[in-house]
Amino acid sequence: MIVAVHQPNLFPWLGFFQKIYNADTFVFLDHALTNPRNPLWQKRVKMLIGGKANWLTVALKASKEQPFMPLNEIEIQALPKWDVKLKRSIEQNYSKAPFFEEGMALAKLFFDHPSALIAERNVSFIKGVCEYLGVETSLRRSSEWMHSSTSNELLVDIVSAVKGTVYLAGDGADGYQDLTPFTSKGIALINANFKHPHYTQFNNSNFQQGLSILDVIFNLGKSAADLFVQNTLKSGANQPVLNA
């Protein structure tokens with residue numbers, strides 16, 4: 001029972017969805033305290049703008065009195081201004097992509113969402129992409145449970161809550177300093193070990209990796225799901241176990 005945990009990012013990259021695909025249960029870490037002024041992946045993403053990889057960013061409301069807030073309570077600032085600005089940038093740079101209409105239909109799950117909460121919009125988009133690409137992983141939210149723990153202990157609590165036996169860590173997992181919380185609960189760790197595949201980008205002759213999943217879908221449509229096979233864990237391929 002493989003479990004992955006990650007905050008709901010803005011139009012996440014391919015590696016984010018690979019992580020979802022390789023898990024039996026994926027938990028959105030939506031209750032964590034976050035400073036909306038920081039350069040968060042929950043509010044920014046890289047896409048090809050003018051033929052170069054550039055950041056697209058959504059402004060979030062922040063408070064001097066309360067600099068850290070639960071992610072699932074943070075709102076987008078100055079709606080609909082930021083929706084229009086972000087949507088226009090995507091349309092101007094991808095309107096001639098082979099699967100533009102399909103990609104924009106998914107992007108509208110973010111833009112047309114009635115909530116001003118960034119986490120709600122991001123989760124809506126991510127769920128839509130999973131359905132579009134045929135990813136059947138169970139999706140949960142950390143806010144479903146009460147948590148008092150932090151760091152590795154929090155991850156262990158979340159994995160235990162969904163009855164997981166393996167935690168699928170990001171590629172920096174070998175930097176964990178203390179594996180005791182995992183081993184004490186009988187939870188193994190495996191690395192995502194993601195290798196970014198190349199694909200044809202219609203507006204770029206020099207491939208740029210690490211861009212939004214929208215870049216992949218605009219270029220490949222539903223065949224983007226084929227890229228998951230190159231990094232799959234579900235085939236039973238051996239992966240490095242950090243502890244067991």
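Quick notes on this one:
- For segment 1-58, the solvent-accessible area works out to 34 Å² per residue, with a probe of 1.4 Å and every protein chain left in place.
- Centre separation in Å (Cα based) which lies between segment 76-147 and segment 1-18: 14
- Note on HIS6: accessible area approximately 60 square angstrom, rounded to 10, probe 1.4 Å, nucleic acids and ligands left out.
- By accessible area, using a 1.4 Å probe on protein heavy atoms only, the chain has 49% of its surface on carbon and sulfur.
- Added length on full extension, which subtracts the Cα-Cα distance from 0.36 nm per residue, LYS64 to ASN35: 9.4 nm
- Extension gain for HIS198 to TRP55 (0.36 nm times residue separation, less C-alpha to C-alpha distance): 49.4 nm.
- The magnitude of the dipole of the chain, with charges of +1 and -1 set on the Cβ of Lys/Arg and Asp/Glu and taken from the Cα centre, is near 620 debye.
- Accessible-area ranking of LEU40, LEU71, LEU139, largest first, probe 1.4 Å: LEU139, LEU40, LEU71
- Annotation for segment 72-175: trypsin sites (Lys or Arg not before Pro) lying in DSSP loop with at most 14 further Cβ atoms inside 10 Å of their Cβ are LYS96, LYS163.
- The label-point distance for SER223 and SER184, in a model that sets each label 7 Å from Cα toward Cβ, rounds to 5.1 nm.
- Within the chain, helix-based [θ] at 222 nm, where runs of 4 or more DSSP H residues each add -39,500 (n - 2.57), nearest 500: -9000 deg cm²/dmol
- You can think of it this way: the chain between GLN230 and SER115 has 37.8 nm of extra reach, that is 0.36 nm per residue less the Cα-Cα gap.
- Stretch in the chain that is longest and holds no GluC sites (Glu not before Pro) that DSSP places in a loop and that have at most 16 other beta carbons within 10 Å: 137-244
- Beta-bridge orientation, the chain: approximately 50 percent antiparallel, per DSSP, counting only bridges with both partners inside.
- Listed cross-link partners LYS43/LYS85; LYS43/LYS87; LYS61/LYS127; LYS52/LYS96 are compared with a 18 Å cut-off, the Cα-Cα value being larger for LYS61/LYS127.
- Average accessible surface area per residue within segment 119-161, 1.4 Å rolling probe, Å²: 46
- Surface accessible to a 1.4 Å probe, MET1 within the full protein complex, Å²: 80
- Here the alpha carbons of segment 1-55 define both size measures, Rg and Dmax, at 13.3, 43 Å.
The values are calculated or read from the model by the stated rules, or taken from the named source; none is laboratory data. Worth saying up front: this structure is predicted, and the values here are computed from it rather than measured. All Cβ positions, even for glycine, are placed from backbone atoms using ideal geometry, and neighbour counts span all protein chains on display. Note: areas computed on protein heavy atoms with side chains; ligands, DNA, RNA excluded. Shrake-Rupley method; radii C 1.70, N 1.55, O 1.52, S 1.80 Å.
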